[in-house]
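The structure that follows is given in the form of structure tokens.
The values are calculated or read from the model by the stated rules, or taken from the named source; none is laboratory data. Please read these numbers as outputs of a predicted model, since none were measured by experiment. Cβ atoms come from the backbone with ideal geometry, glycine included; neighbour counts cover every protein chain shown.
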Amino acid sequence: MSLLIGGVAAIVFGLLGLIIWWSDFISIVKGGVPILMLLGGILAVYIGFDEIQDKLREERQKQEESLAKAKEEIEIVRAQAEQYREELEKLKEETKKKE
């Protein structure tokens, strides 16, 4: 209950202070808005820069994954080519033996 009474008293005193010192309040708002805009702009630039870095990291990771996949495919093709060479050599030897 005391919290409710304290809250109501704070609201009443806040409204009275706002009415009495309205011109001072407006001066503070006029001085505070540019500072808040400056800080908000700096924050937005930082977040945008961080987002660009994240996109670059993701793109680099995708390229590395595709490169690794391509390397695996190349190794498979090389193994198949080696297998085909061995079979070709065996066939050549067999044809030489038959002759």
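Taking the options L39, L18, name whichever one is at pLDDT below 95 and surrounded by 10 or more Cβ atoms within 10 Å (Cβ to Cβ).
So the residue among L39, L18 that is at pLDDT below 95 and surrounded by 10 or more Cβ atoms within 10 Å (Cβ to Cβ) is L18.
Looking at E94, E58, E51, E65, can you tell me which residue is over 30 Å from the mean Cα position of the chain (by Cα), acidic (D, E) and in a helix (DSSP H, G or I)?
Going through E94, E58, E51, E65 in turn, the sole match is E94.
Can you name every residue in region 21-30 that is surrounded by 10 or more Cβ atoms within 10 Å (Cβ to Cβ) and either under 19 Å from the mean Cα position of the chain (by Cα) or in a helix (DSSP H, G or I) (or both)?
Within region 21-30, W22, D24, F25, I26, S27, I28, V29 qualify.
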